[in-house]
Amino acid sequence: MAEEKYNLQPDSFEPLAQDQDQELDSEKIAAPSLTFSQDAWRRLKKNKGALISLFIVLIMAIVSFGSTPFINHSELVKSNPEYANLPAKIPGVNINGLNGKMKVSGVWTDVYKENGIKDNVHFMLGTDYLGHSLAQRIIYGTKISLTVAIVATLFDLLIGVTYGIVSGWKGGRTDNVMQRIIEIISSIPNLIIVVLMLIIFKPGMTSIILALAISEWTTMARMIRAETLSLKTEEYVLAARTLGESTTKIAWKHLVPNVSSIIIIQTMYTIPTAIFFEAFLSFIGIGISAPQTSLGVLLNDGQKNFQFLPYQMWYPAIVLVILMIAFNLLGDGLRDAFDPRTRR
Amino acid sequence: MKLKKFATAGAVMAVSALTLAACGSKSSSNDSKQVLNWDETAELPSMDLSKATDVVSFDQLNNTMEGLYRLGKDSKVEPGLAKKTHVSDDGLTYTFDLRKSNWSNGDKLTAKDFVYSWQRTVDPKTGSQYAYLFDGVKNANDIMDGKKKTSELGIKADGDYKLTVTLDKKIPYFKLLMGFPVFFPQNEKVVKDAGSKYGTASKYMVYNGPFKLTKWTGSNLSWTATKNNKYWDKKNVKLDAINFKVNKSNSTSYNLYKTDKLDGTPLSSEQAKQLKNDKEFLTRSAASTFYFQYNQTQKRFQNKKIRQALSMAINRKQLTNKVLGDGSTVSKGLVSKGLAKNDGKDFADQAYVKEGVEYNKAEAKKLWQEGLKEVGETKMDINLLSDDTDKAKDSTEFVQSQIESTLGDSVNVHVQNVPFKTRLTRSEQGDFDLVISAWGADFADPISFLDLFTSDNSQNDGEWKNADYDKLIQASKTTDAGNTDKRWDDLVQAEKILVQEQGIAPLYQQSTAWMVKSKVKGIIYNSSGASYNFKNTYIKE
Amino acid sequence: MKKYLLKRVLYMALTLFLVATITFFLMKLMPGTPYSNQEKMTPQQIKIMNQQYGLDKPIWLQYVIYIFGMLHGDLGTSFQFSNQPVSYLISSRIGASAQLGVQAMIFGVVLGIIVGSVAAIYRNTWVDTTATVLSIIGKSVPNFVLAVLLQYYISLKLGWFPIADWGGFSYTVLPTIALGVGPLAETARFIRTGMVDVLNSDYIELARAKGLNKFGIIYHHALRNSLIPLVTLIGPYTVALMTGSMVIENIFSIPGIGEQYVKSIQTNDYPTIMGVTMLFCFGLVLIILFTDIIYGIIDPRIRLTGNED
């Protein structure tokens, strides 16, 4: 190399061939071209916590929704009071608490034996007061909680995004009125809305979903509005406007894609909020009704018997907490992925 | 109605609401003081005896006030303010000689206080929801209907200590009624001075019973009953004070019990199942029955086989022992066991109709299929309405499971657990298919239950109609009212018809499980009326 | 500023009026009566009682009477507690709830700031990870579960604090923790993000380059700047505390307003339901106004004018 430097050949002064010219183009981006979502996904993959969370959420969703053919209505209404309140018993495991033994007034007692239950009966996570398998209940409860949360969040999205975009886009008087309406709605406690829903509609899942959707969309609308306000002044939007593009088309082509990261992140935070609120409703006594169950109902039932049957609270609580943590970490991960500025 | 009130309280287990608790931690240092710490499951909403409607109020009134009689153990009538009672031969006039006694503010308590109290209660302006108990006292119904003046009520004071009560018709259980707080006296001056504030806080009250309330502000969660030194029989009152604490969570009250902050606590079903072998565990059975009402304005429930099938599909023994676990027992009929006896025989045993309350899977299936054919349906969707207390939820879930698993795919049960008053309204409006209702006796007589299912009774929500039944109930009140045995037979026959025809399906008789410290002695608990009487309660370490 | 305030107060009044109207008419849709023993009352009695409660009048008139009464602080008479004015029920119970709410807010926010700042200062170390995980768990445990755990382990097993009831300060400790953990977790996460942002900014670099003391930098620049947006969270926290109080007061047997609210829903006590609803709304609206004003004062970038955008 060094020698070559001094050994200049005449052809060194020839213009470069076309292909070589491209190689050295300073404008050329060396990395492969990535779309926004590919880029986000690449960043998300680097975030181990978020990635694990994503898997946990997926696994929970697959297990709980995949259980539908096995845990159906007739399975849910079946009760076996003779198997009521048994602790966990896993075949082949001999750890107190998981082998059918439970602390009864401070002493580990084999509850299965005491109740004269055959040796081949096992309940992985024990049973509830009607002798339902708790494992089965938790899987089903997770499904219901997720369904409530996801459907409510979708409604939330639909109302919130539309409202936010319209409010932000129109601006002026419309915006002002719409913001007042949000203010009013968010100053009515959700509970009152739910109670009324439960009376107007049949108590149960539908009313809870509707109530959640009606009371929770305001945050989304606020955020979307703020974002729309700033997008509105962007040159490309201005350009589209000047070119006479219709408002709906601008909204759909320019606004929605640009707020999509907010939507996804906000969704990740809304889902746990909805799960949480559903649990709260169960405590107040107006949650999901039998034979259906939810994590909230299970927790509330467990909470009442904690002194004697702690496992009935612990297991659903652990599942709930894992689910909530997963959604939160995933939300954080997505936020960082979509908005690299906050990435550290 | 009692049961409804329990439910109103939103109390977890509700039914026999008041528990006893004795002085715990503090007593060791001061043994001379007899103090009781007692758990309530709901606030005390009113101390106005004309307006009280709930079990907490009635129990508080029973311990701070006194009427002509006080109900002792097993609803035995014990002397109260009446020193001597004279009943006329036709049973329509009662003359009471009152003992000399004072209100807690020193005022003389006279026969006029009874007259004032009774008139105030039946006055429609007062809005007493328990005034119906005066039915039978002369002119009471007309006064409540606004047709007569309150002064025409059949009660009169002759001087200060003689009281005469006249009746329209014989009331066989009249003396028992007199032990119920609605019939206690009220101090006119105090009531009028307090105006609309009467009965809303301890400072607006005056008492004539064993205890008087302090620190009750109307909506707070703790108050104290202290010994009333003006009480005529104060030498037999041993407690110096009772501290009442409202805890709405059973686990909280049990935790307090374990740390001696409370000496008695009601238990939830699960707690009861776990503690049933403890030596401090006890169950208190209430004179209250839970039963199905079928909406018989619907064609399908007019079919007796359908009704029978639904009733027979339920394993009541499992319901009481495994699901409720609080000492509740399988009902023999509508009238609760232990409520009333004649010639030493319990009413519930005599009126027992086995087919009406038994569990028979095979028969249920058979009747169901036959019934379906008769009404021309292949599949039924049934809404099961009930309260939203924990126990109600547990029972409905079990009942749903039993019906669906016994009767198979041709039935679908939808459970609706709603707040108590909503349940009441919906029952009244006939907005249900199947409802689990509950009734608690106001006094220890079968009629307190059986009156409900006459054709025109407003509480017959299922609108079951049976002429024979109506006739028997009518006879018990009129032609046979004076003849104890005949009246008894009428009522036994009536209940047999009711259960045989499945006008309703009795499910279980309610009990409540408690933990009560063994040092607490002498609590009197009655299954009907105002349940608790602490007059003779004491603590023995 | 004055104009802005006036405008805000007007909006506030409008909000409350609308809420009162909506709640009033929705309450009228609910089934049930104030009477628990209606079947046993004579028509005459019911008629007179309805008159006393004003239920015999046409609904629009009841509405006018209610709104008019409300302006005078009269929220009607409770159905459940006979003869008790709702305003009395509320005033006798608001103290406990307010104390608990304020304590929980202070506990949550102060501890949250500490945890969040520590996590930010030691970002990407095990301290940060622990703090993050803990605050997510704090956010993820329903407060009734937490309350039960605290009651069982701290009170019953260790005996450090009373199990339930309401008396001195020691009675408030566990309920405060149970209520305050939500805001704590939220604050910690919020502060951490905010501070990390600030700590990476150029002016902090400059301050560091100038050789300023590390804690001085953190206090003067990082913390102060990340505290400002925290004010906006006070509104949502208030909502969370109101909801939480219904649960916590029930478990710890505290005579508060949340517990009263649940009870009144269960007993169809419409006047109380409406009264407490109005109180919650009023509280919330007031706090939102308050935080907006404070925000304007401490963050000069936000101008308080009558013009919105």
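Mind checking which residues of segment B:27-36 are touching a helix residue (DSSP H, G or I) at 6+ places or on another chain (Cβ under 9 Å) and either at pLDDT below 85 or within 11 Å of another protein chain (Cβ to nearest Cβ) (or both)?
Correct list: B:Lys33 only.
Can you pull out the strands (runs of 3 or more DSSP E) entirely within segment B:144-216 that have at least 3 residues that are touching a Gly at 6+ places or on another chain (Cβ under 9 Å)?
B:162-166
Identify, please: which residue in segment C:234-255 is facing another protein chain (nearest Cβ under 8 Å) and farther than 25 Å from B:Asn255 by Cα and is, among those, modelled with the lowest pLDDT?
C:Val239
Would you say B:Asp54 is within 14 Å of another protein chain (Cβ to nearest Cβ), open to solvent by 10 Å² or more (accessible area, probe 1.4 Å) and closer than 26 Å to C:Asp165 by Cα?
yes
Are any of the residues in segment C:108-117 polar (S, T, N, Q), surrounded by 17 or more Cβ atoms within 10 Å (Cβ to Cβ) and touching a residue at least 40 places away in the same chain (Cβ under 8 Å)?
yes
Can you tell me which residue is farthest from the other protein chains (Cβ to nearest Cβ) among those in segment B:136-167 that are in contact with a Ser or Thr (Cβ under 6 Å, 6 or more places away or on another chain) and more than 26 Å from C:Thr33 (Cα to Cα)?
B:Asp160
Say we look at segment B:121-135 and pick out the residues that are more than 7 Å from chain C (Cβ to nearest Cβ) and surrounded by fewer than 22 Cβ atoms within 10 Å (Cβ to Cβ); which of these is nearest to B:Asp445 (Cα to Cα)?
Ranking the candidates gives B:Leu133 first.
Given the residues C:Val64, C:Val9, C:Val19, C:Val86, which is the only one that is within 14 Å of chain B (Cβ to nearest Cβ) and among the aliphatic types (A, V, I, L, M)?
Unique residue meeting the criteria: C:Val86.
Among what's in segment B:191-204 and is open to solvent by less than 20 Å² (accessible area, probe 1.4 Å) and either among the aromatic types (Phe, Trp, Tyr) or farther than 16 Å from C:Tyr88 by Cβ (or both), pick the residue that is nearest to the chain's Cα centre (by Cα).
Applying the filter and picking the extreme gives B:Tyr198.
Kindly evaluate B:Tyr359 against the criterion of being within 30 Å of B:Val77 (Cβ to Cβ), in contact with a Lys or Arg (Cβ under 9 Å, 6 or more places away or on another chain) and either of a type in the set (Val, Ile, Thr) or surrounded by fewer than 21 Cβ atoms within 10 Å (Cβ to Cβ) (or both).
Against the criterion (within 30 Å of B:Val77 (Cβ to Cβ), in contact with a Lys or Arg (Cβ under 9 Å, 6 or more places away or on another chain) and either of a type in the set (Val, Ile, Thr) or surrounded by fewer than 21 Cβ atoms within 10 Å (Cβ to Cβ) (or both)), B:Tyr359 does not qualify.
Among the residues of segment C:41-61, how many are within 10 Å of another protein chain (Cβ to nearest Cβ) and either buried (at least 20 other Cβ atoms within 10 Å of the Cβ) or aliphatic (A, V, I, L, M) (or both)?
5
Show me the helices (runs of 4 or more DSSP H) entirely contained within segment A:225-344 in which 2 or more residues are open to solvent by less than 10 Å² (accessible area, probe 1.4 Å) and within 14 Å of chain C (Cβ to nearest Cβ).
Here the list reads A:256-284, A:295-304, A:311-338.
With B:Leu407, B:Leu384 as the choices, which residue is at pLDDT 85 or above and assigned to a helix (DSSP H, G or I)?
Result of the check over B:Leu407, B:Leu384: B:Leu407.
With the condition being at pLDDT 85 or above and more than 10 Å from chain A (Cβ to nearest Cβ), I'd like the helices (runs of 4 or more DSSP H) fully within segment C:137-218 carrying at least 2 qualifying residues.
Correct list: C:170-199.
I'd like the full set of residues that are more than 28 Å from B:Glu270 (Cα to Cα), buried (at least 23 other Cβ atoms within 10 Å of the Cβ) and modelled with pLDDT under 90, limited to segment B:307-346.
The answer is B:Ala340, and nothing else.
Which one of these is of a type in the set (S, T, N, Q) and free of Cβ contacts under 8 Å to residues at least 24 places away in the same chain: C:Gln266, C:Gln260?
Of the residues listed, the single one that is of a type in the set (S, T, N, Q) and free of Cβ contacts under 8 Å to residues at least 24 places away in the same chain is C:Gln266.
When only residues in segment C:264-279 that are open to solvent by 10 Å² or more (accessible area, probe 1.4 Å) and at pLDDT below 85 count, which is farthest from the other protein chains (Cβ to nearest Cβ)?
Going through the qualifying residues, I end up with C:Tyr270.
Tally up the residues in segment B:449-480 that are in contact (Cβ under 8 Å) with a residue 24 or more places away in the chain, open to solvent by 20 Å² or more (accessible area, probe 1.4 Å) and of a type in the set (A, V, I, L, M, F, W, C), please.
Residues flagged as in contact (Cβ under 8 Å) with a residue 24 or more places away in the chain, open to solvent by 20 Å² or more (accessible area, probe 1.4 Å) and of a type in the set (A, V, I, L, M, F, W, C) within segment B:449-480 amount to 1.
Hey, among B:Asp489, B:Asp470, B:Asp451, B:Asp485, which residue is in a helix (DSSP H, G or I), under 22 Å from B:Pro172 (Cβ atoms) and within 14 Å of chain C (Cβ to nearest Cβ)?
Just a single option satisfies the conditions, and that option is B:Asp451.
Could you check segment B:232-255 and list, in sequence order, the residues that are of a type in the set (A, V, I, L, M) and within 14 Å of another protein chain (Cβ to nearest Cβ)?
Matches in segment B:232-255: B:Val246 only.
Among the residues of segment B:329-341, is any farther than 21 Å from B:Asn526 by Cα, assigned to a loop (DSSP other than H, G, I, E, B) and in contact with a Lys or Arg (Cβ under 8 Å, 6 or more places away or on another chain)?
Scanning segment B:329-341, I find no residue that is farther than 21 Å from B:Asn526 by Cα, assigned to a loop (DSSP other than H, G, I, E, B) and in contact with a Lys or Arg (Cβ under 8 Å, 6 or more places away or on another chain), so the answer is no.
Counting only residues that are assigned to a loop (DSSP other than H, G, I, E, B) and touching a strand residue (DSSP E or B) at 6+ places or on another chain (Cβ under 7 Å), how many does segment A:33-88 have?
4
Does at least one position in segment B:266-281 carry a residue that is modelled with pLDDT of 90 or more and open to solvent by less than 10 Å² (accessible area, probe 1.4 Å)?
So far as segment B:266-281 goes, yes, one or more of its residues are modelled with pLDDT of 90 or more and open to solvent by less than 10 Å² (accessible area, probe 1.4 Å).
The values are calculated or read from the model by the stated rules, or taken from the named source; none is laboratory data. Note that the coordinates shown come from a computational prediction; the quantities given were computed from them, not determined experimentally. Glycine gets a Cβ as well: all are built from the backbone with ideal geometry, and neighbour counts include every protein chain shown. Ligands, DNA and RNA are stripped out before the accessible areas are found, and what is left, the full protein with its side chains, is counted by its heavy atoms. Shrake-Rupley method; radii C 1.70, N 1.55, O 1.52, S 1.80 Å.
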